[in-house]
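One structure is given below, encoded as structure tokens.
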Amino acid sequence: MAPEVPAEYSLKQNYPNPFNPSTIINFSIPKSGMIKLRIYDITGKEIAALVNEFKQAGNYSYSFNPVNLNSGIYFYKLESEGFTDIKKMTFIK
């Protein structure tokens, strides 16, 4: 049986949130294309690029394990084919 293709783009809230030491970010893409999933600090500075590649349509899950980051609020942003969504997460040491 082929994997289910999502009907729409979706960026889920990370879990756990707040998190320590790591968190999971899930997203769905309804069509294949270039995908960017990046983490930013409260000032908008890019902290990490979790995904920057061509992906097939489907559901994805990525783990984020911050190294040398301070406790605080961070944002993660999914971009693909004209779709953009941003969610907030909290890291507690």
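For Val5, the conditions (1) among the aliphatic types (A, V, I, L, M); (2) buried (at least 18 other Cβ atoms within 10 Å of the Cβ); (3) at pLDDT below 95 all hold with the exception of (2). Taken over segment 52-68, the criterion of being surrounded by 14 or more Cβ atoms within 10 Å (Cβ to Cβ) and out of contact with any Pro (no Cβ under 9 Å at 6 or more places or on another chain) is satisfied by Lys55, Tyr60, Tyr62, Phe64. Checked against the criterion of being more than 14 Å from the chain's Cα centre (by Cα), among the charged types (D, E, K, R), at pLDDT 95 or above and surrounded by fewer than 17 Cβ atoms within 10 Å (Cβ to Cβ), the candidates Lys45, Lys36, Lys12 yield just one match: Lys45.
Please report, ordered by residue number, the strands (runs of 3 or more DSSP E) entirely within segment 20-75 with at least 3 residues that are free of Cβ contacts under 8 Å to residues at least 24 places away in the same chain and within 28 Å of Ala7 (Cα to Cα). It would help to see each step written out before you state the result.
Values: elements: 23-29, 33-40, 46-55, 58-64.
Ranges flagged: 46-55.
Could you please let me know if Asn17 is outside any loop (DSSP other than H, G, I, E, B), touching a strand residue (DSSP E or B) at 6+ places or on another chain (Cβ under 8 Å) and either more than 19 Å from Lys87 (Cα to Cα) or not hydrophobic (A, V, I, L, M, F, W, C) (or both)? Judged against the criteria, Asn17 is not a match.
Keeping to segment 76-88, report how many residues are acidic (Asp, Glu) and assigned to a loop (DSSP other than H, G, I, E, B). Before you say what the answer is, go through the steps one by one.
At the first step, the residues of segment 76-88 found to be acidic (Asp, Glu) are 79, 81, 85.
Imposing the further condition that a residue be assigned to a loop (DSSP other than H, G, I, E, B) reduces the set to 81.
So the answer is 1.
The values are calculated or read from the model by the stated rules, or taken from the named source; none is laboratory data. All values derive from a computational prediction rather than experimental measurement. Positions of Cβ are backbone-derived with ideal geometry, glycine not excepted, and every protein chain shown enters the neighbour counts.
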